Amino acid sequence: MSTERVDTVVIGAGVVGLAVARALALAGRDVLVLERHDAIGTETSARNSEVIHAGIYYPTGSLRARLCVRGKELLYEYLATRGVPHRRCGKVLVAVDDAQRSELEKYRQQAAINGAGDLRPLTGAEVKAMEPQVVAVAGLLSASTGIIDSHAYMLALQGDLEAAGGMVALNTPVEKLAPQADGVDVVAESMTLRARTVINCAGLSAPALASTCMMAPTPYYARGRYYTYSGRSPFNRLVYPMPEPGGLGVHVTLDLAGQARFGPDVAWIDGVDYHFDDSARDVFAGAIRKYFPGLDTSRLQPGYTGVRPKITGPGEPAADFRIEAAVDVHGLVNLFGIESPGLTSSLAIAEHVVELVAGW
């Protein structure tokens, strides 16, 4: 197999890969995106809550906090400029009993530290006035939280990339990476590309791909179910309970048509598996009834599942985003553990990667 020389290869055409590729192309790089599936954004980017996060939950100084807050700012500006469907609908974070009041205050303080925007404290009565179906003793209103048509956003990113001279190659799975003196070989089924710069944005597969040429973190997988709620939505905005280990709790989101959906929950699994297990519906419903006692389970319809690309396992603290130049493989940047708020952070992640490779 002959080896063709290229400037920059981005592996993975999810929302982060496309944002990174677009930013590099706009910075003057000759960019080729390799995607193993037959369409863009079919894994984590298509199987999430489609929420624009404010930046409330993440530890002080972490990449997740900084890139979420910066990404939210960039994203709202980009969506408005490009005419991508979205809505700044706001969300209410609720405490369902007195024991959770201190947790609510902790998140208000963390949001202030992170620069996530003002979170307005709400009494139980104020929560009731905003969301009559929700039962809570207190709440926080995040006015800057929103929702987005993630596929339309990815199409806009792809359009910008191609307008800047970049390309997306579908049905092109990358098998391994091999460091060379003058670049990194990207080995696919039918070709080998020697790239000056490689950005590993393979999401769920990023650790496995990196491990073909270096030490990489152990991947873990947490599957979450989403149920749609048939009929008219009982909610005006997003409603979030207190976070749980591995996720943000079974919350209410809305799509741009106003349809309500609940999810995701957390189930640790051994590999990437999108099977929808409806056998634990009662447990799922029980989590919802803590803040929405009027739930009609007959209106819960199985929707879809998503798998979070984690790099820490059950019982461990959530990992920060890892965006780093490989120490022993010059020209390679790996993005590990880009779960929520990866969608919100995508344009800021792209900025970060462009700065990281400047001068390469």
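All of the numbers you see were taken from the coordinates with simple rules; none came from a lab. Note that the structure is a prediction, hence the values are computed from the model and not measured. FYI the Cβ positions are ideal-geometry reconstructions off the backbone, even for glycines, and counts take in every protein chain you see.
With each pseudo-label sitting 7 Å past Cα toward Cβ, what's the residue 171-residue 120 distance in nm, one decimal?
Result: 5.3 nm between the two label points.
Net charge around residue 147, counting only other residues with Cβ within less than 13 Å of its Cβ (Lys, Arg = +1; Asp, Glu = -1)?
+3
Quick check: residue separation of residue 297 and residue 233 times 0.36 nm, minus the Cα distance between them. What number comes out in nm?
Result: 21.7 nm gained on full extension.
Among bridges DSSP assigns within the chain, what percent are antiparallel (round to 5)?
Here the antiparallel bridges make up roughly 70 percent for the chain.
Just grab the label-to-label distance for residue 269 and residue 109, each label 7 Å out from Cα along the Cβ direction, in nm (one decimal).
That separation, rounded to one decimal, is 3.8 nm.
So for the pair residue 190, residue 212, with labels modelled 7 Å out along Cα→Cβ, what separation do we get in nm?
According to this spin-label approximation, the distance is 1.7 nm.
When 345, 45, 233 are ordered from fewest to most other Cβ atoms inside 10 Å of their Cβ, what list results?
Going from sparsest to densest Cβ surroundings: 233, 45, 345.
If I compute semi-axes √(5λ) of the Cα gyration tensor in Å from the structure I just sent, which labelled value in (1) 42, 21, 18; (2) 37, 20, 19; (3) 30, 26, 23 lines up?
Recomputing semi-axes √(5λ) of the Cα gyration tensor in Å here picks out (2).
Considering amide H positions built from the backbone, and no H for Pro or chain starts, which residues 5 or more places from residue 33, or on another chain, come under 5 Å of its amide H?
10, 167, 168, 169
³J(HN,Hα) across the stretch 339-354 via Karplus (A = 6.51, B = -1.76, C = 1.60, θ = phi - 60°), whole Hz, x for Gly/Pro?
Ordered by residue, 3J(HN,Hα) equals 9, 4, x, x, 4, 4, 7, 4, 6, 6, 4, 4, 4, 4, 5, 4 Hz.
Just flag the trypsin sites (Lys or Arg not before Pro) in the stretch 204-269 sitting in loop per DSSP whose Cβ has no more than 13 other Cβ atoms within 10 Å.
Passing both the DSSP loop test and the Cβ count: 232.
Would you mind ranking 187, 168 so that the residue whose beta carbon has the fewest other beta carbons within 10 Å leads the list?
Final ranking by Cβ density, sparse to dense: 187, 168.
In whole Hz, what ³J(HN,Hα) sequence does the stretch 6-13 give by Karplus (6.51, -1.76, 1.60; θ = phi - 60°), x for Gly and Pro?
9, 7, 9, 10, 10, 9, x, 9
Using 0.36 nm times the number of residues separating residue 279 and residue 181, minus their current alpha carbon distance, what extension gain do you get?
That works out to 29.9 nm of additional length.
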